[in-house]
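Undergrad: My questions will all concern the structure given below.
The values are calculated or read from the model by the stated rules, or taken from the named source; none is laboratory data. Computed from a prediction, not measured in an experiment: that's the story for all the values here. Reconstructed Cβ throughout: ideal geometry from the backbone, glycine too, with neighbour counts over all protein chains shown. Remember, those area values only see protein heavy atoms, side chains included, never the ligands or the DNA or RNA. Shrake-Rupley method; radii C 1.70, N 1.55, O 1.52, S 1.80 Å.
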Amino acid sequence: MESVINKAIVALLPLIPRSMVWWVSRRYIAGKTLEDALLCVEKLNAQGMSATLDVLGEDTTDHPAALAGEQIYQSALREISGRGLNANISVKLSMLGLKIDPAFCQSILLRLIQSAELYDNYVRMDMEDSSVTAVTLELYRKMRAKSDRIGAVVQAYLRSTEASVAELLSEGVTNLRICKGIYIEPEEIAFTDFYEVQDSFRATLRLLLENGAQRVGIATHDPELVLSSLEVIKELEIPKERYEFQMLLGVAEKMRGDLVADGHPLRVYVPFGEEWYAYSTRRLRENPQIAGHVVKNLFSG
Ligand SMILES: Cc1cc2nc3c(=O)[nH]c(=O)nc-3n(C[C@H](O)[C@H](O)[C@H](O)COP(=O)(O)OP(=O)(O)OC[C@H]3O[C@@H](n4cnc5c(N)ncnc54)[C@H](O)[C@@H]3O)c2cc1C
């Protein structure tokens, strides 16, 4: 029943005025400009949380657009340093041209990593849909051989994730964020059962923590997974430098506050940019479940 309602919300989307979509999205998006995002980071830092900046946009179709994306990230790295903020950046490779010109994308990524070195910062490569999983992990391998200012993301819903993580760990220094995964993927390659995804998340997190992964990003708002992550951190006596919880802006604010109050490192993912409308509506169409989250949050204040 819930999925029918979510799909109905998505079907009605074109009829909803932009201003209303903005009003709803505002909770999850820092604003349209870098300045909006930096002000948001300042507030999060004051509450004891770090942040990661995400410039909205994906599936870039030409080189100038990819370069424009790079410029915003370059400015972000400069401003984070200049203002003494505690934040890094998360990039989507398809925004930086991966699907049109992988070599060009790689050169942009390299320049961002060089800036991260210059400004004592860090670049996280978000993981997109399964059409780019392998190429993204290959690029991560290449980049981490050059610099330790780079990390990647693995998705617990992919059946291949545990094996990929074991391989990455056996090859050397590994810095990963683990999340469930947001794209709709076929059953042959992805777990579709909620509990199977949770099991895969737990197993992958344990694998990372037991095998010396650098600071692991535990990206989830699922209270059961947060609880079991806390248990494994305690059991393995993982120091605070080796893990951080990560949550999306506007989501599970009570839980994130509790984690911070208990002394756990927590990073908030802060999306911003002119592409907010395309991003919000595409995400809703791709995964109608999000529509449910949005509406639930809308009415719970
Ligand atoms: C910091 C961070 C980085 C991420 N990076 C990636 C990435 O690189 N690649 C990728 O595929 N996915 C990424 N994700 C998305 C992640 O895979 C999704 O958030 C996932 O679908 C939701 O999983 P969950 O663990 O929160 O559990 P769920 O069981 O889906 O959600 C738990 C509860 O959290 C709330 N919630 C979850 N998501 C939202 C939302 N979007 N809006 C409002 N409420 C919500 C709901 O109340 C829900 O009941 C990232 C998530 C986070 C937090």
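Undergrad: What does the extension gain come out to for Ala46 and Glu187, with contour length at 0.36 nm per residue minus their alpha carbon separation?
TA: Going from the current span to full extension adds 46.5 nm.
Undergrad: With a 1.4 Å probe and every protein chain kept in, tell me what percent of the accessible surface of the chain is carbon plus sulfur.
TA: 57
Undergrad: Per DSSP helix of 4 or more residues, -39500 (n - 2.57); summed, then divided by the residues of the chain. What does that give at 222 nm, rounded to the nearest 500?
TA: -16500 deg cm²/dmol
Undergrad: Let me ask something else about it. For Ser81 and Ile16, what is the calculated FRET efficiency with R₀ set at 30 Å and r taken between the beta-carbons, to the nearest 0.05?
TA: 0.15
Undergrad: Using 7 Å Cα-to-Cβ label points, what is the Val135/Asp262 separation (nm, one decimal)?
TA: Using points 7 Å along Cα→Cβ, the separation is 4.1 nm.
Undergrad: Can you list the lysines whose alpha carbon is less than 21 Å from that of Lys32, not counting same-chain residues fewer than 8 positions off?
TA: Hits, sequence-local ones excluded: Lys43, Lys92.
Undergrad: Per-residue counts of other Cβ atoms within 10 Å, averaged by peptide: what ranking do you get for 258-264, 270-276, highest first?
TA: 270-276, 258-264
Undergrad: Also, quick follow-up: Could you check the simple spin-label distance between Arg215 and Arg26, using points 7 Å along Cα→Cβ, in nm with one decimal?
TA: Computed distance between label sites Arg215 and Arg26 equals 3.2 nm.
Undergrad: Continuing with this model, one more query. For Arg159 and Ala65 in the same chain, what is the full-extension length gain: residue separation times 0.36 nm, less their Cα-Cα distance, in nm?
TA: 30.5 nm
Undergrad: Can you tell which of Pro186, Leu205, Ser107 lies farthest toward the positive end of the dipole of the chain, using +1 and -1 charges on the Cβ of basic and acidic side chains (Lys, Arg; Asp, Glu)?
TA: Towards the positive end, the residue furthest out is Ser107.
Undergrad: Quick check of the Kirkwood formula: for the range 58-169, what is the inverse mean of 1/r over all pairs of different Cα atoms, in Å?
TA: Roughly 14.4 Å, rounded to one decimal.
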